[in-house]
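Here the structure is laid out as structure tokens; the discussion comes afterwards.
The values are calculated or read from the model by the stated rules, or taken from the named source; none is laboratory data. Because the structure is a prediction, the values reported are computed rather than measured. Note that we place each Cβ from the backbone using ideal geometry, even for glycine, and neighbour counts take in every protein chain shown. These accessible areas exclude ligands, DNA and RNA; they are computed on the full protein's heavy atoms, side chains included. Shrake-Rupley method; radii C 1.70, N 1.55, O 1.52, S 1.80 Å.
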Amino acid sequence: MINPLQLPPSLESDISFRTLGSLAARMNSINLSVLMVYLVDIVDSSALPWLGEQFSLFGDGWDLAESDDVRRTLIKSAIELHRYKGTPWSIREIIRRFGFGEVDLIEGTGQVNYDGSATYNGNYVHGDAESWAVYRVILRQPITNDQAVLLRMTLDAFAPARCHLASLEYQSVAIRYNSTVNYDGSYNHGSS
């Protein structure tokens with residue numbers, strides 16, 4: 001049994017204060033860890049969607065987070081990601097946070113200088129002056145078609161408003177024909 005709170009004699013005679021004292025003594029036995037929702041690493045996974053909504057992550061990639069660990073990472077970095085939204089750093093960082101690794105960004109695909117820095121590999125649009133706001137993301141691992149659709153929506157939220165994503169490229173790490181992936185339409189051949 002829990003010991004009631006020790007009250008001064010003048011308050012001990014009042015029934016309402018005795019009741020309050022017994023309730024206050026029970027406060028020490030309450031599990032407060034359930035109430036600490038901002039400790040994202042220990043909060044119950046049922047609270048993660050509420051935290052995602054609170055940190056304005058719905059529409060900003062929440063659907064792309066496939067596990068609770070990724071959702072927790074996204075919630076912990078939400079403020080920083082929103083602070084730098086609209087920058088190349090935020091594009092790279094959101095892709096890293098989802099576990100797709102490092103990426104290369106090709107910005108201004110229509111502004112090519114003929115100095116040898118750009119090659120004729122399909123990543124640049126030669127002679128199109130209106131492609132100054134077009135960019136490509138070069139991934140270092142393949143992604144499925146449904147991941148590509150969700151990543152495009154996420155990048156639309158994090159990229160500068162003036163920019164347009166031309167493609168997600170992973171041709172340099174295309175899928176091999178070694179029976180690790182079934183060609184059932186989940187993957188394509190290096191670009192989406």
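Observations, loosely collected:
- Condition check for D63: part of a helix (DSSP H, G or I), open to solvent by 30 Å² or more (accessible area, probe 1.4 Å) and modelled with pLDDT under 90: yes
- Within region 23-54, the residues that satisfy the criterion of being in a helix (DSSP H, G or I), hydroxyl-bearing (S, T, Y) and modelled with pLDDT under 80 are S29, S33.
- The set of residues in region 78-96 being crowded, with 18+ Cβ neighbours inside 10 Å and not hydrophobic (A, V, I, L, M, F, W, C) consists of S90 alone.
- Condition check for R72: in contact (Cβ under 8 Å) with a residue 24 or more places away in the chain and more than 28 Å from A159 (Cα to Cα): no
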